[in-house]
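Every number in this text was worked out from the coordinates using simple rules, so none of it is lab data. Bear in mind the structure is a predicted one, so any value in this text is a computation, not a measurement. FYI the Cβ positions are ideal-geometry reconstructions off the backbone, even for glycines, and counts take in every protein chain you see.
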C-alpha cells in the first residue's frame with residue numbers, strides 16, 4: 001500500500017508526519033510518497049532524509065499534487081493524507097483490515113481533529129465528525145471524506161480534477177468513489193492535523209476558508225470547469241505542539 005502526502009513548505013510538520021508513519025504497527029510494506037508542490041524551504045530535504053519517495057509537481061494545488069503522487073504510487077491501496085498530520089500506530093492496519101473484509105469496499109474514510117490551535121477549531125471539527133459518525137451508523141451514508149484521512153483501492157480511482165482546488169479531493173472525489181462501489185466511514189480511525197488555519201480567527205475561517213474558498217470556489221469550479229479563486233492562502237506557522245490532545249472518537253453500540 002502507498003501513502004500520498006502533498007507538501008508545500010511544510011518543514012515545521014513533515015518530520016512528525018513521516019515519523020508517525022514509520023511507527024505504524026502494520027506488518028506489510030508502506031510506500032511513502034511526498035509530493036513537493038513548489039516548496040522553497042527544507043521540506044524536500046527532510047523527506048528524503050527520512051527515506052520517503054519525493055516527487056515534484058509544479059502545478060500549484062492539492063489536487064494536482066495528489067494526482068502526481070497517486071500516479072507514482074505502486075500500492076493497490078492508496079491512502080490520501082496531509083503533511084501536517086500525525087497518526088495513531090494502528091491507523092494503516094485499520095484501513096487494510098476493512099478492505100480485507102469485503103472486496104466490494106472501494107474506499108474507507110476516517111475523521112480528523114486538530115492537534116493544536118484554538119478551542120473553537122477543535123470543537124467544530126470534532127462535532128462535525130461525530131455527526132457524520134451518527135449518520136453513517138444509522139443510515140450507512142458517508143457525508144464527506146477528508147483529504148487527510150481517506151484510503152481507496154487504486155482500481156476505483158478515476159483521477160483527481162486538477163482544475164479544482166478546494167473540495168476537488170473531497171466532494172468531487174467522493175462522488176467518483178461512490179460510483180465505483182461501497183464507501184465506508186470508520187469513526188475510530190482518527191488522525192490529528194494542525195489547527196494553524198483556525199488561528200486566523202473564527203470569522204476568517206467561516207467566511208474566508210469555508211464559504212469563500214471552499215464552497216463558493218467549488219460551485220464556481222463546477223460551473224466553469226476550473227478553480228476561479230485558486231488554492232487557499234498558505235498559512236505557515238511554527239508548530240507550538242503537534243501531539244494528539246484528545247482520545248480517538250468512540251461511538252457506542
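How would you classify the range 102-223 from its alpha-carbon gyration tensor, with a ≥ b ≥ c the square roots of the eigenvalues: rounded for a/c under 1.5, else prolate if a/b is greater than b/c, otherwise oblate?
oblate
From the Cα gyration tensor of the range 165-233, with a ≥ b ≥ c the square roots of its eigenvalues, which class applies: rounded if a/c is under 1.5, or else prolate if a/b is larger than b/c, or else oblate? Here the range 165-233 falls in the oblate category. Put in line by how crowded their Cβ is, counting other Cβ atoms within 10 Å and starting with the fewest, 152, 185 read 185, 152. Based on C-alpha pairs under 8 angstrom that are at least 6 apart in sequence, the range 145-229 has a relative contact order of 36 percent.
For a footprinting-style exposure proxy, rank 157, 91 by other Cβ within 10 Å, fewest first.
157, 91
Each peptide in 99-110, 133-144, 8-19, 206-217 receives the mean, over its residues, of other Cβ atoms within 10 Å, and ordering these scores from highest gives 8-19, 99-110, 206-217, 133-144.
Every Cα-Cα pair of the range 1-157 was included, and the share exceeding 28 Å stands at 20 percent.
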